[in-house]
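Any read-out appearing in this document is the output of simple, stated calculations on the displayed coordinates, not a laboratory observation. None of these values were measured; they are calculated from a predicted model. Positions of Cβ are generated from backbone atoms using ideal geometry, with glycine treated the same way; all protein chains shown enter the neighbour counts.
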């Protein structure tokens, strides 16, 4: 009698192999869930890239929706060694001739008495320091600070409008006071009340006014002097903001003996405006390309993209197309849409810029290109204003993309719960299979032993050998 046989454990059954094959079948639903989750994750990634492209477009649109983008002025100087200039939006276009004959200087004075060391002592009293004829700051000099170094520190601590320093010229120490304000407005005056006792040197040696004055000017408190189109200008600072409206001048060279002459031209900064428009066009084209790539269908290979047919993508594409074709009414110069200033829609949905036409429109004072983008009139808002609002509804908190990705994330979370439940079910199934096949293994093993026993008994029966 032949025994039951198979490769494996005591029974010969390949229990692990059988269970592995059975579980492979049971796990098919788990693979389906994993495939679904991978698809959802791919959509999240695509929407993330799309949101980034639209956010960049929103930033560019916000720049164009600001009136300052179109009112900027630029200043150019023929000789920048004489001065530099910058222009704000309130500046008017024009040309100017400038001649600088004096630069503003910071007043500086020094002591004229020999001090051997910074520890030399002074009589006590009060220093009264004033700047430009203003209210004096009184500084008390007593036994706690009546050394040369102590006086320097007391002046600096008092914040009296000057900086005090001690300079050794190789033979003696000098107390130097430098005004923090340039020009005549920063002229230093030091009055002294001297007690006449308490130190070696007289505190009165540090006064700049009255009889016995010893402080010596090392740099005069000169004002800046220049002419603008022949008009004489005097200011305390080399940075002049109120001579030409909206223009800041920074003087760097010029003396009475050798005036610094240059010309200044203030013009509309169309270059910055054109750059902002170019950035908007690029951001729009990037967004359109991203939308197309994420939703295109490859007919040749019959392959869909991650977001092919997605309603959110179709809605965004439609809105952007409508926005870029939109028009306004009542804009100076007869312009109403982007194509009027050289920005046209191509067959693939992207924008192209005719720079010659754009620059001509920006230079034409009769064309209010700024209003085309920035106007805020209800029902007739500028194109950039419209884009900004629409893009906020797409990428802002609770916007179109956010709602869509929230839904996808919820689906992924649900798949996770289903996978968790399925894992528990698979574990239970595998446990049941193992119990069943372990029982079968024991049964087959017992049957094999019984078969072997019967075979042996039959072989021992009388006549068994003669019958073979």
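So here's what we get for this one:
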| read-out | value |
| --- | --- |
| Using a Förster distance of 56 Å, the FRET efficiency for residue 38-residue 449 (Cβ separation, nearest 0.05) | 0.65 |
| Sequence ranges 164-171, 327-334, 382-389, ranked by mean other-Cβ count within 10 angstrom, highest first | 382-389, 327-334, 164-171 |
| Distance between the range 181-200 and the range 277-330 - C-alpha centres, whole angstrom | 74 Å |
| Helix 15-26 vs. the chain, principal-axis angle (Cα, 0 to 90°, nearest 10) | 60 degrees |
| Shape category assigned to the range 304-360 from the gyration tensor of Cα positions, a/c cut at 1.5 | oblate |
| If the convex hull is drawn through the Cα atoms of the chain, its volume per residue in Å³ | 378 Å³ |
| Two-decimal ratio, the range 103-176, of alpha-carbon radius of gyration to 2.2 N^0.38 Å | 1.13 |
| Separation between Cα centres of the range 385-451 and the range 69-95, rounded to whole Å | 66 Å |
| Gained length - residue 28 relative to residue 336, 0.36 nm times residue gap less alpha-carbon distance | 104.9 nm |
| Between helix 311-324 and the chain: long-axis angle, C-alpha atoms, 0 to 90°, nearest 10 | 30 degrees |
| Shape category assigned to the range 160-246 from the gyration tensor of Cα positions, a/c cut at 1.5 | prolate |
| FRET efficiency for residue 346 and residue 430, using Cβ-Cβ distance with R0 set to 56 Å, rounded to 0.05 | 0.40 |
| Theoretical gain in end-to-end length, residue 93 to residue 403 [0.36 nm per residue, Cα-Cα removed] | 106.7 nm |
